[in-house]
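See below for the structure under consideration.
The values are calculated or read from the model by the stated rules, or taken from the named source; none is laboratory data. None of these values were measured; they are calculated from a predicted model. Note that each Cβ is placed from the backbone with ideal geometry, even for glycine, and that neighbours are counted across all protein chains shown.
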Amino acid sequence: MSFESWKKLKIKSDPTLKNTSQISPVKNDENRFNFASIDCAAKVVKTNEGAQESKSILMENKDSYLVNKCSTKDQFLIIELCQDILIDLIEIGNFEFFSSNFKRFKVSVNERYEDTNWKSLGEFEASNSRTLQKFKIINPLIWAKFIKIEILEHYGSEFYCPISLVKVYGKTMLEEFKEQTIEQPSVETDECKINSTLPYLGLNEFLNSIPEYCEVVEEESTATNNPQDSIFKNIIKRLSLLESNASLSLLYIEEQSRLLSDSFRKLQMEQSHDLDKLLWNFNQTFNQQMLKINQFNQFKLFESNKVISNLANDLSFYKKLLLVNFVLLTVLVCFLLLSKDLPVEIPIPRNYQFKVGSTKKKYKKKSKYRF
């Protein structure tokens, strides 16, 4: 789930993030500041062809006025105000006798003079009187810097149709911001204690708590347009939005951190399990090899002991045989020593004849055994 989708759900579920703007009622104060006065550098930037003394409508002088022939078509004048304001009251008057008075006129405003998209504040109808007439603006629409007054119809049939004075009242951005700050109720924050460790939120639980499809809510369009927000209000909204985004970003990071910690914990458990299994297999293999080596050593030791035992038996046998031979040899030597110098008669057979001589002689020989 992306951060933007998650943020929209959070903003939708939090009613404190919804901002509403209110328009304060017009103050009934005669000493209000006139933003169409020449004293504050207001000026008439354009009029219809044939209009004379256009600057006179910005000065409170009954002897000077803007003059137009009543036969002139498309009579209008554009005034650059001192500041950008929300217009709530316009005063227009004609103090000249023997002249036709304006009857119906249209008021439009704009932020820039070069822009041709003028926003209409409405059409008004004046009374046929030589006084300063007031016209309240219900919906000022935008923060206006330029105001355009178009004369649509006149009373009577005089030759000249003058305008003596034009006054424009309203609220500046700073005044609007101050009023909204005063009227805005204070928000009390409830203290709550939370644990230092955040509760574990499983991935499936986190995803199941969010609907798969979002309903499209179409806002109902109203007939009345809300006035344009001031720059101070836009700054406050922007700061509130940034603060909300920061809080939502922190919550989103916490959610992602929990998911990452869960993933790392599962990965660590899997790696630990695999490592334990590997070590167990290694230990089993090592133990089996050591057992085989011990068995082989025992077998070789047994064979060696058997060979040594056989050699010991053979050695004992040869020792005994040598002893017997020694005894026999000793007996033989003793016998020979005892039988030393004893005469031995050797019998000669009767038919034995000597080859030397013809006479028979008895032969006797003494034998001597010597070593």
Within the range 90-145, which strands (runs of 3 or more DSSP E) (wholly inside it) include 1 or more residues that are closer than 21 Å to K46 by Cβ, within 60 Å of the chain's Cα centre (by Cα) and of a type in the set (G, A, S)?
102-110, 119-125
Given the conditions (1) modelled with pLDDT of 90 or more; (2) assigned to a loop (DSSP other than H, G, I, E, B); (3) among the β-branched types (V, I, T); (4) within 53 Å of the chain's Cα centre (by Cα), which single one is not true for V45?
(2)
Would it be correct to say that L132 is buried (at least 18 other Cβ atoms within 10 Å of the Cβ) and not polar (S, T, N, Q)?
no
Over the range 242-257, the set of residues free of Cβ contacts under 8 Å to residues at least 12 places away in the same chain and among the hydroxyl-bearing types (S, T, Y) is S247, S257
Being assigned to a loop (DSSP other than H, G, I, E, B) and either at pLDDT 90 or above or not hydroxyl-bearing (S, T, Y) (or both) narrows it down to one residue among V333, V324, V344; which is it?
V344
Any residue in the range 95-118 that is of a type in the set (K, R) sitting within a Cβ distance under 8 Å of a residue that is part of a loop (DSSP other than H, G, I, E, B)? List the pairs, counting only those 6 or more apart or interchain.
K103/A126; K103/N128; K103/Y155; R104/A126
Scanning the range 134-175 for residues that are out of contact with any Gly (no Cβ under 9 Å at 6 or more places or on another chain), of a type in the set (D, E, K, R) and touching a residue at least 60 places away in the same chain (Cβ under 8 Å), the one farthest from L121 (Cα to Cα) turns out to be E158
Considering only residues of the range 88-111 that are closer than 17 Å to F35 by Cβ and out of contact with any Leu (no Cβ under 7 Å at 6 or more places or on another chain), which is surrounded by the fewest Cβ atoms within 10 Å (Cβ to Cβ)?
E111
Quick check on the range 257-278. Is at least one of its residues over 60 Å from the mean Cα position of the chain (by Cα) and acidic (D, E)?
no
Which residues, taken from the range 108-129, are out of contact with any Lys or Arg (no Cβ under 7 Å at 6 or more places or on another chain) and among the β-branched types (V, I, T)?
T116
Positions within the range 71-82 being buried (at least 17 other Cβ atoms within 10 Å of the Cβ) and either among the β-branched types (V, I, T) or in contact with a strand residue (DSSP E or B) (Cβ under 7 Å, 6 or more places away or on another chain) (or both), in sequence order
Q75, F76, L77, I78, I79, L81
Go through the range 48-58 and give me each residue that's surrounded by 16 or more Cβ atoms within 10 Å (Cβ to Cβ) and either in contact with a helix residue (DSSP H, G or I) (Cβ under 9 Å, 6 or more places away or on another chain) or not in a loop (DSSP other than H, G, I, E, B) (or both).
S54, S56, I57, L58
